[in-house]
Structures are given as structure tokens and as C-alpha cells.
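K.L.:
Take this structure, written in C-alpha cells, and hold onto it; I'll ask about it next.
The values are calculated or read from the model by the stated rules, or taken from the named source; none is laboratory data. Fair warning: this is a prediction, and the values are worked out from it, not measured in the lab. Glycine also receives a Cβ, built like all others from the backbone with ideal geometry; neighbour counts cover every protein chain displayed.
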Amino acid sequence: MQYDKLLRDPAHLQELMSLFTESITAEVQDNAVAALAVLDRAVALNPLFLPARMRRADLLLELERHAEAIAEYDDCLRFFPTLEQAVQSRQQALLLAVARGTQALQERPDDIALLCRQAQWQISLECSDDALASLDCALALAPDHIDALNMRGKLLLLLNRHEQALLCYDRLLALLPADAVTMFNRGNVLQKMNHIQQALWCYQQALVFQPEFPEAEMAHSHCLLLQADFSAGWQGHEARWRTAQLREHAQFQGAPAWLGETSLTGRHIILWAEQGLGDTLQFVRYVPAVAARAAQVTLWVPPTLLHLLAGSLATLQNVQVVSHHQELAAHDLHCPLMSLPLALRVTRALIPAEVPYLWADVEVQQRWAERLSALPGTAAPRLKVGLAWAGRQYGERNLTRDIPLRQLQALAAIEIDYISLQCEMPSADSAELQRWPSMRRLESDLIDMSQTAALIANLDLVISADTAVIHLAGALGRPAWLLLRHESEWRWGLQSGYSIWYPTLRLFRQKKNGDWAGVVEEVAACLRPLAAKP
């Protein structure tokens, strides 16, 4: 579904507004149930009509129907992930749901379903210890409770307590020996423990138990890609479009997909950014190869990447870069960017790793040079290092990937001018920034990736967690150090030291789960000699 198009030109706008007005009238008449029924009709007519969705969620919250309110706020955030009003209202609904659950448990302490529901709300609030306590109470009452064991396993996996998570799934498999989902979850734990062959076996077994299981197919493909088995890995990766997470986001369902089987001669193909900014920056390297085959290529990307990619690809006369907010011209074929390695039959030896393949705008780069030289307290001879330690702060966050700023304190003591590349500041890090006197906060001016690219072009080094910033630095051919968790994300392989995707990138990987201290000390040891150079 093309959400942006629906937002620009929603069908039945007059009818939607009429329904919304009718719901307000019902509210004024103190008939919340009738108002909800009217809003239900509006949402059914257009799921992207935000006023109706938010008002429906707020009404459910006022009626103390907390579970329904939370689900509605979740839907709002699925479509509009940066909507702060929905984030705050959802948080309020979760707090109220937990408070109500606590009261109910005083009267019904043996209610296992209530304990599990309470744990789910606590997980959503990131109150992990409280959630584990609720689940332990449930399992003390019913040691073989399937939902409680499943929830506990997932929570322990989230907390990097892999061995304990594995015990949960082993216990579940003893109860449900042919359960595909449990076997899949067990494989996920083993993959995060870097036991790749065992994880592969679990995914294969899950597919025996349930042949139509695209999540298991995709996880299996990640293990293959991790081991550089690109032939089978890219093929299996296509299962992502059948997963619950991504099937709603498939685009261009009315146009044929191109996966390399047909000639592009004389054809116009749309290449489109499908997932995160980092994925787009990594796989846009394949656009020139497609441009060499096709008559016309349109690259469809998020607005924040538009200026950077349009400038970088300007020499390709048959390539046009457009934003997701723009209408597309008639075209013959389409291909998501992350399917290009399959379509182009890419092997490890054929990965185009020449850098740079993206370039910062020269004028913008010069403006940043002047800006940096004018910063108060910045000593010109000192090393200038860009720092990013966490990914996006909305939607589902990746807690094991992000690094709490307090854990980078060993770097703060080194005499370096740090430049924050952290566009979204984690709320937990605000106070910690006071302990970084040499950190320059310029992120308010990083309005899109072309600005970030121009700033990075003026830095000596970029140090980052696994975020879009590291892909940008790598694509620009700038020196960059990637701080990696122990578990292997498929694109970085199993090794430390180097990347097959970016020659200027150096990988620093945790030796064990959660051990950022060891990584940071290793980085500091490499950084001190550079800082000492005149």
C-alpha cells in the first residue's frame, strides 16, 4: 500500500470529515459508544485518516478500555512512527493499564492470564525486572503454561540472557515437540549466540513442521548470508515479502517485479528503498549496474536521502531520483533495492566495494568546514571525530545494538573534538552529555543526509554503533569504526577487523554479549595514538 499517496489524496475525504463531525456531536451528547461506532466507520473507510484513529484511541482510553486503546495507538504509530502525541498517549495508557493490573492482582493473585497480560504491559514499558517477576509468579502457579514460557523466552532473549532463553524454549519443545514457532524462536536464540549451524537446523525443522513459514525462511537466509552463501541467501531473502512485518509494505503490486530474468533493454524500471536508511545507503551501490542495462531508472527514496543521492548519481544520465512524496511516472518494471543482489546474481567476489560511491555536495561541505573552524574552543590541530551511539528512538528500538552514552566514557577522556552525529538523542543520555565537554552538538542542523554527509566529509574519523551513519561514512569512503554487539548481523559477517562492503570500515566486536566495556577500551587504545599525533 502506498501510504504517502493515500495521505496526499485520501479517497472519500468529504465523507471522512462528515463522519468525524458526527463523532464529535455524539461526544458532546455524552454518548462515547456512539462516537466510537462512527469513528470505526471512518477508520474502515481509510485506515490512514489520523484524526479518527487518534480520537478513537483517546476515547477508548477515557473509557478505561486500556488494551484496545494501546492497540489503537500502536496502529497509529505503525503508520506514523514519529507521531509524538501517539507515543505519549500510548505511554499513559500503558501506565494506567499496569496500575489497574496491580490493583486487580491484589484481589486475584492467582490469575495467570492477568499475570501474563501484566507482564506484556511491563515489557512495553521496558520494565524488564517487573515483567520477569510477573512471569515467574505465573510459572510458579503453572510451570508448563505455554504463553508464560513463550513470553519469558522472548524477554530473556531481548535482555541478552541467551542461555536462560534457550532453557525456556527447550522446555516448550518438551511440551510441544513439533511446534514450528517454538523451534523458530529457539533458532533465533542460537543465531544470537553465533551458533549458526544449530540455528540453521532449527529453522529447517520449523519449516518441516510448518512449510509456509516465511519468517523462518528469512531467518534461514540471514544465516546463509552471514556465511557469504549469497546464491541461496539472496533467494531465501525474498521470503521477507510474505512475513507479517513486511507484507503490508510491498509496493508496486500492479507492475511486474524484476529479479533478473528479463532484459531491461528499452525498459523503465523503478528501484525503491524498502526498509531502513542504512539498507538504502548500502544497496544503492547497485544502481549504476542497473542503469547500464535499462533505458531509464527511477530511484524512489525517503525525502532525507533525496539530495544526497540525486547529487551522487547526477552523472548517470538515465537515472532520476525522486522522493517517496512524489508521484511516479509510468514504468515497466520495479525492484526493491535489497533484491538487486539476487537480480544481478551477485557473488561475494562481485560485490562492488569501490568507494566512494556517494559524494558530499562541495558547497555544503565548504560551509561545514567554515562552521567547524568557527566553533568556540575547537583547537584546529585536534582530531575531529563524529560520534553516533544509538539508532532511531521511535517505534521498535534495538536495545542490544544501541550503546548507552555512559558506557563510552573512556573515550570522553581523550583529547579529541567530538562531533555528535546523533540526530535523535536518547532521553536517557541527556544528563550524561554534561560529562562530555568536548562534544559539539550540531545535530539540529542535520536536516537530511546531504548535510550529514557534508559534515562527515570534514571529519577525521566516524565512530558509530550499527546505524545509518556508519553506512553513510562507508559509502563516502571516510575512515569509520563500527562498534558491534557480539551477535552477528548478517551483513557484517562473523569476523572483526574488516568489512566486505566498505574498505574504509573497521569492525570492533564484543567478545561476549553485552560487553561494551571491552569494545570501548579497545577503541580507546586505538584512538589515543591518533589523538597524540601533531
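K.L.:
Test Gly386 against the stated conditions and say whether it is under 30 Å from Ala412 (Cβ atoms) and in a strand (DSSP E or B).
P.N.:
On the way: under 30 Å from Ala412 (Cβ atoms): yes; in a strand (DSSP E or B): yes.
Answer is yes for this residue.
K.L.:
For region 1-26, name all the residues that are charged (D, E, K, R) and modelled with pLDDT of 90 or more. Break it down stepwise before answering.
P.N.:
So the first thing to find is which residues in region 1-26 are charged (D, E, K, R), and the list is 4-5, 8-9, 15, 22.
Scanning region 1-26 gives a single hit, Glu22.
K.L.:
Count, please, the residues in region 482-511 that happen to be among the aromatic types (Phe, Trp, Tyr), farther than 25 Å from Val346 by Cα and buried (at least 20 other Cβ atoms within 10 Å of the Cβ).
P.N.:
Selection size over region 482-511: 0.
K.L.:
Report, by residue number, each residue of region 224-250 that is out of contact with any Gly (no Cβ under 8 Å at 6 or more places or on another chain) and buried (at least 20 other Cβ atoms within 10 Å of the Cβ).
P.N.:
Phe230, Gly233, Trp234, Gly236, His237, Arg240
K.L.:
Then there is this: Right, Asp110: over 27 Å from the mean Cα position of the chain (by Cα) and outside any helix (DSSP H, G or I) or not?
P.N.:
Yes; evaluated as a whole, the condition is true for this residue.
K.L.:
Something else: Looking only at region 201-219, which residues are under 19 Å from Glu487 (Cα atoms) and without any contact (Cβ under 8 Å) to a residue 24 or more places away in the chain?
P.N.:
Correct list: Trp201, Cys202, Tyr203.
K.L.:
To continue, here is another question. Taking region 238-271, which residues are modelled with pLDDT under 95 and in a strand (DSSP E or B)?
P.N.:
Answer for region 238-271, where residues must be modelled with pLDDT under 95 and in a strand (DSSP E or B): just Ala257.
K.L.:
A further question on this structure: Checking Leu157 against (1) within 21 Å of Phe209 (Cβ to Cβ); (2) modelled with pLDDT of 95 or more; (3) not assigned by TED's automatic domain parsing to the domain that holds Thr243, only one condition comes out false. Which one?
P.N.:
(2)
K.L.:
Tell me the helices (runs of 4 or more DSSP H) entirely within region 289-383 that contain at least 1 residues that are among the acidic types (Asp, Glu) and out of contact with any Phe, Trp or Tyr (no Cβ under 7 Å at 6 or more places or on another chain).
P.N.:
Correct list: 362-373.
K.L.:
Before we move on, is Val287 touching a helix residue (DSSP H, G or I) at 6+ places or on another chain (Cβ under 9 Å) and at pLDDT 95 or above?
P.N.:
Spelling it out, Val287 is indeed touching a helix residue (DSSP H, G or I) at 6+ places or on another chain (Cβ under 9 Å) and at pLDDT 95 or above.
K.L.:
Let me ask something else. Scan region 95-145 residue by residue and report those that are closer than 25 Å to Arg161 by Cα and among the charged types (D, E, K, R).
P.N.:
Selection gives Arg117, Glu126, Asp129, Asp130, Asp136, Asp144.
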